[in-house]
1. In region 175-183, is there at least one residue being buried (at least 17 other Cβ atoms within 10 Å of the Cβ) and either assigned to a helix (DSSP H, G or I) or of a type outside the set (A, V, I, L, M, F, W, C) (or both)?
2. Please state which of the following conditions Asp12 fails to meet, knowing it meets all the rest: (1) touching a residue at least 40 places away in the same chain (Cβ under 8 Å); (2) surrounded by 17 or more Cβ atoms within 10 Å (Cβ to Cβ); (3) charged (D, E, K, R).
3. Please go through (1) in contact with an Asp or Glu (Cβ under 9 Å, 6 or more places away or on another chain); (2) under 17 Å from Leu73 (Cβ atoms); (3) at pLDDT 95 or above for Ala139 and return the number of the only condition it doesn't satisfy.
4. Restricting to region 159-199, give me the number of residues that are under 14 Å from the mean Cα position of the chain (by Cα), over 24 Å from Ala114 (Cα atoms) and without any contact (Cβ under 8 Å) to a residue 40 or more places away in the chain.
5. Does Arg97 satisfy the condition of being over 22 Å from Arg55 (Cβ atoms), touching a helix residue (DSSP H, G or I) at 6+ places or on another chain (Cβ under 9 Å) and either touching a residue at least 12 places away in the same chain (Cβ under 8 Å) or aromatic (Phe, Trp, Tyr) (or both)?
6. If I ask for residues that are more than 19 Å from Ala132 (Cα to Cα) and either modelled with pLDDT of 95 or more or among the charged types (D, E, K, R) (or both), which ones from region 67-90 would you list?
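The values are calculated or read from the model by the stated rules, or taken from the named source; none is laboratory data. All values reported here derive from a predicted model rather than from experimental measurement. Please note: Cβ atoms are built from the backbone with ideal geometry, for glycine as well, and neighbour counts cover all protein chains shown.
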Amino acid sequence: MAAAGGLWSCADPSRWAAVLECRGAVLRARAGPQGRLEALDRWYREELPAAIKARAEKHVTRDELERLLAWKLARGRFRPRLQQLVAANTPELVVQRSAAAFRLLPDMHAAVMALCALRGVGPATASAVLAAGAPEVAAFMSEEAVAAVPGLPALQDTVKHYLLYLSRVQERATALSQGSAFGLWTPHYVETALWTWAVGRKMCPDLLPNLGPSPVLAEDTKPAKKRRTQAE
């Protein structure tokens, strides 16, 4: 059984890595017998990044954006209206706006805004696109990961909220990378570990490692404010 203190309060990179290794088992528990989420997650983490990297100019296609949205909705809360909106974008516009977004990095505000010009794409979906193509600087804004970061205001699907969240995640990635046998921690890895911990605590706590006592950062001793979830 994992400790009740929460992953964010743990400063040991080896324990974060142990949580990350549980992702597959937690994902299977979350996906259920049909396993659709497993297939979508494998595509998002392996095939999509490879496809983006192989292109002369980084971008995503409309088909990829629709599939990415299906992954996002399967991982969190299902909102069919978003799928209809995303499908209304022309293939040319999706390529144009996503290519512009990747060119604008590391200006995260500008990159997210470029993607948000597409119908059905808010900061959360934009963050998933950027994390797939630039995991070294971007992290998906999942509800579970946001809720795991203490001190953030109530969850909002806004660029301002994403930048606050990303700043904290980037700082944690830098801290975990120092002296870590795991290697370089990216914001993408940090989000994945936070999601794994949060979902695993609810669905299969016995699969998670015991974090045990570990150093606690001063910022993590502050009580988190109550959060409310708004539309993504």
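1. Initial filter on region 175-183 (buried (at least 17 other Cβ atoms within 10 Å of the Cβ)): 176.
From what is left, the residues that are either assigned to a helix (DSSP H, G or I) or of a type outside the set (A, V, I, L, M, F, W, C) (or both) are 176.
Among the residues of region 175-183, at least one is buried (at least 17 other Cβ atoms within 10 Å of the Cβ) and either assigned to a helix (DSSP H, G or I) or of a type outside the set (A, V, I, L, M, F, W, C) (or both), which makes the answer yes.
2. The number of the failed condition is (2).
3. Condition (2) is where Ala139 drops out.
4. Going through region 159-199 one residue at a time, the tally reaches 1.
5. Values: over 22 Å from Arg55 (Cβ atoms): no; touching a helix residue (DSSP H, G or I) at 6+ places or on another chain (Cβ under 9 Å): yes; either touching a residue at least 12 places away in the same chain (Cβ under 8 Å) or aromatic (Phe, Trp, Tyr) (or both): yes.
Here the answer is no, as Arg97 does not meet what is asked.
6. Matches in region 67-90: Arg77, Arg79, Arg81, Leu85, Ala87, Ala88, Asn89, Thr90.
This table checks each residue for (1) within 20 Å of the chain's Cα centre (by Cα); (2) under 22 Å from Gly35 (Cα atoms); (3) surrounded by 21 or more Cβ atoms within 10 Å (Cβ to Cβ); (4) without any contact (Cβ under 8 Å) to a residue 60 or more places away in the chain.
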site: Arg67; (1), (2), (3), (4): yes, yes, no, yes
site: Ala70; (1), (2), (3), (4): yes, yes, no, yes
site: Arg79; (1), (2), (3), (4): yes, yes, no, no
site: Ala88; (1), (2), (3), (4): no, no, no, yes
site: Asp107; (1), (2), (3), (4): yes, no, no, yes
site: Leu115; (1), (2), (3), (4): yes, no, yes, yes
site: Val121; (1), (2), (3), (4): yes, no, yes, yes
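To keep it simple, each residue is scored yes or no on (1) of a type in the set (A, V, I, L, M); (2) more than 16 Å from Ser9 (Cβ to Cβ).
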residue: Ala148; (1), (2): yes, no
residue: Pro153; (1), (2): no, yes
residue: Leu166; (1), (2): yes, yes
residue: Val169; (1), (2): yes, no
residue: Ser177; (1), (2): no, yes
residue: Ser180; (1), (2): no, yes
residue: Ala193; (1), (2): yes, no
residue: Val199; (1), (2): yes, yes
